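Data first, discussion second: the structure below is written as structure tokens.
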Amino acid sequence: MRSKPICFRFDVDTHRCLNKGTEPLLNLGRKHDVRFTFFVNMGRATDRLAVLGSMLKSSKRRDSGDSKLEHDVSAKLSNLEKLGFRDYLQVVLANPLVGAANKRVLLRAAEEGHEVGLHGGRNHGTWQREGSHWDAARLRDEISWSHQLLGDLLEREPSGFTSPGFSSNSELGDILRDFGFRYSSDQYGADTAVAWLNDTIADIPCNILGKGGVAYLEHQVASNRSRAEIKDSFASDLDNDNQHDVVYDHPMFAGIQCLDQLEDLIVQAKSSGRTVTTLQDIRATYLISQEQS
């Protein structure tokens, strides 16, 4: 009987993710002989107009004395805490290209057996804020641009797609099928089941992460948990009846500030009898299990 699969999924949405966080993850994968799934944004990280608007809103709330949170979210860190001052300024001021500007790291990931999927279109922040409302023509244009860049780089079509910030769109299923994708991963939740967007596109959820779609290790650190407490929390998360598990995180945090903690999770997963694999392999395993049931 095949052991239960688990995927460590990393969304690459800033230059820091790719330039500084991804290679330590590749080294860790080589050390433990495991493969990860990376979803790469080929365009730019942030919508600078939206950032400016957010800063103005925050300033107005401070001036009015209103510090109430807009909604209930999981413990998380600010972008400044995750990126660091220098890289935060670089994102806000220069807003450099992400995947399109560092092909070497992506090629290394693919050559070493990791899955490299697509994460949105031209701008991560714009999609996260507006993508769920775009019409089919806008979605096709965004995906076509990034799909061609990544496909040319890998010399093959990517299998998986995920929307920035889990901001999916009801038009996505047929569009992804037309571009040759096999699955998406735009859902999250501990008990969320695989959904089918059409006859070929399975939407595979992340089930090990923080409330509100916050990355797993970010949530753990923001909750002030020690390294030992993170291991205990992960052991509890692994104790479920799901056919597979998907851990959600980002290279800019897991690959830099929490590499030791991530290694703990990988060792725990393997020690529990899990097979650390990619999301495209989990899709295939899920199809086999459905055919046998």
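Before moving on, here are some points about what is shown:
- Among the listed pairs K4/K270; K4/K231; K4/K211; K20/K103; K31/K231; K76/K231, those with a Cα-Cα distance over 22 Å are K4/K211.
- Tail fraction, Cα-Cα pairs, region 240-289, threshold 12 Å, whole percent: 71
- Local charge for T162 was computed over the other residues whose Cβ lies under 11 Å away, with Lys and Arg +1 and Asp and Glu -1, and equals -3.
- Rg/Rh ratio calculated on Cα atoms of region 142-202 (Kirkwood radius): 0.98
- Legend: Rg and Dmax of region 158-258, from Cα coordinates, 15.1, 46 Å.
- Around L153: net Lys/Arg minus Asp/Glu count, Cβ-Cβ under 13 Å: 0
- The packing ranking of peptides 153-159, 214-220, 264-270, 243-249, highest mean first, is 214-220, 243-249, 264-270, 153-159, where packing means the average number of other beta carbon atoms within 10 angstrom of each residue.
- Of the peptides 231-240, 171-180, the ranking by mean beta-carbon count within 10 Å, highest at the top, reads 171-180, 231-240.
- Largest first, the three principal axis extents of the alpha carbons in region 96-201 are 34, 27, 26 Å in whole numbers.
- Charged neighbours of E171, selected by a Cβ distance under 13 Å, balance to -3 (K, R count +1; D, E count -1).
A short reminder: the numbers here are calculations on the coordinates, not readings from a lab. Because the structure is a prediction, the values reported are computed rather than measured. Note that each Cβ is placed from the backbone with ideal geometry, even for glycine, and that neighbours are counted across all protein chains shown.
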